[in-house]
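What follows is a short report on a single structure.
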Amino acid sequence: MNQRVVDVILEAAEEDYLAGVKDADTFAAELALFGSTLVTAGDFLSTISAAITLRQIYINKIQNQKEQQEQEDQMKDIQDQLTALKKEIKALRGK
């Protein structure tokens, strides 16, 4: 669809140029402006894409940190349970 828009704009500019409504300098300047507008739009889309990617990287890192913290908490809980079980076994042996 974007190609169709570009074709229509270029066709209209060419018709104006060929009909003598615009001189070569004006025609070239309009094409340069149009080209720079397309480049700017492309750069904008690229910037948005980079921002979305960076945001997803941050989200993934935060999720990984949360998962790692949960695993560490679980390991500490298991270690505490083992320590308590050892104490209980020692206490039962002592009786």
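The values are calculated or read from the model by the stated rules, or taken from the named source; none is laboratory data. On a predicted model such as this, the values are computed, not experimentally measured, just so you know. Because the Cβ atoms are built from the backbone with ideal geometry, glycine has one as well, and the counts that use them run over all protein chains shown. Heavy atoms of the whole protein, side chains included, go into the accessibility calculation; ligands, DNA and RNA do not. Shrake-Rupley method; radii C 1.70, N 1.55, O 1.52, S 1.80 Å.
Does Q3 satisfy the criteria of being of a type in the set (S, T, N, Q), open to solvent by 70 Å² or more (accessible area, probe 1.4 Å), at pLDDT 80 or above and part of a helix (DSSP H, G or I)? Answer is no for this residue.
Just one of the listed residues (A91, A24) is loosely packed, with under 10 Cβ neighbours inside 10 Å and touching a helix residue (DSSP H, G or I) at 6+ places or on another chain (Cβ under 9 Å), and it is A24.
Okay, residues lined up against (1) at pLDDT below 95; (2) within 20 Å of the chain's Cα centre (by Cα):
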{"site": "L33", "(1), (2)": "yes, no"}
{"site": "S46", "(1), (2)": "no, yes"}
{"site": "I57", "(1), (2)": "no, yes"}
{"site": "Q69", "(1), (2)": "no, no"}
{"site": "Q81", "(1), (2)": "no, no"}
